[in-house]
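Quick notes on the structure that follows.
Each reported figure results from applying straightforward, stated rules to the coordinates on display, with no laboratory input. Remember, predicted model here, so these are calculated numbers, not experimental data. So basically every Cβ, Gly included, is an ideal-geometry build from the backbone, and we count neighbours across all protein chains shown.
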Amino acid sequence: MSLADGDLRDEVQAILARSERERMARVAAAWEGMTALFGYRLRAGATFAVLATLLNATLRGLIIMALSMPELAGQQSRENPFGASGDWSLTAIGLASTAITFLEPDPTVEWDGDRIAAVRAALRSLTFPDA
């Protein structure tokens, strides 16, 4: 927005758009992998690209709102969304609501001892960058 119309602005916008598309593709791929791991699938007509876009928009919106209302970052809700108990952050409610809209349990997945062991092994193998 701070760049004047012209070639430089167009070039910067194209670079930012490409970067955003690549990042969203990685987010969609991560959700696709986690969805399969936990025995879910996309609902008919849904795509991981749309799911990732809406999840990202929810997070960004809450981050932007928290700049002027910092209490939102730590706000907890006891409305027991989805029949779950405990305190839920607004972020968790927003992400879970969106995910539930697009995902459903995969009826072909059998939760036997082998599958549970495989899920545990997959979760143990995850590595996270140092904080």
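For the reader, a short list of remarks on this structure follows.
- Cβ pairs under 8 Å, 6+ apart, first in the range 1-19 and assigned to a helix (DSSP H, G or I), second surrounded by 10 or more Cβ atoms within 10 Å (Cβ to Cβ): ARG9/LEU3; VAL12/LEU3
- Search result, residues across the range 76-131 that are polar (S, T, N, Q) and more than 24 Å from VAL27 (Cβ to Cβ): GLN76, SER77, ASN80, SER85, THR108
- Tabulated pairs, the range 86-105, first free of Cβ contacts under 8 Å to residues at least 40 places away in the same chain and under 14 Å from ALA73 (Cβ atoms), second of a type in the set (S, T, N, Q) and part of a helix (DSSP H, G or I), C-beta under 9 angstrom, 6+ apart or interchain: THR91/THR58; GLY94/THR58
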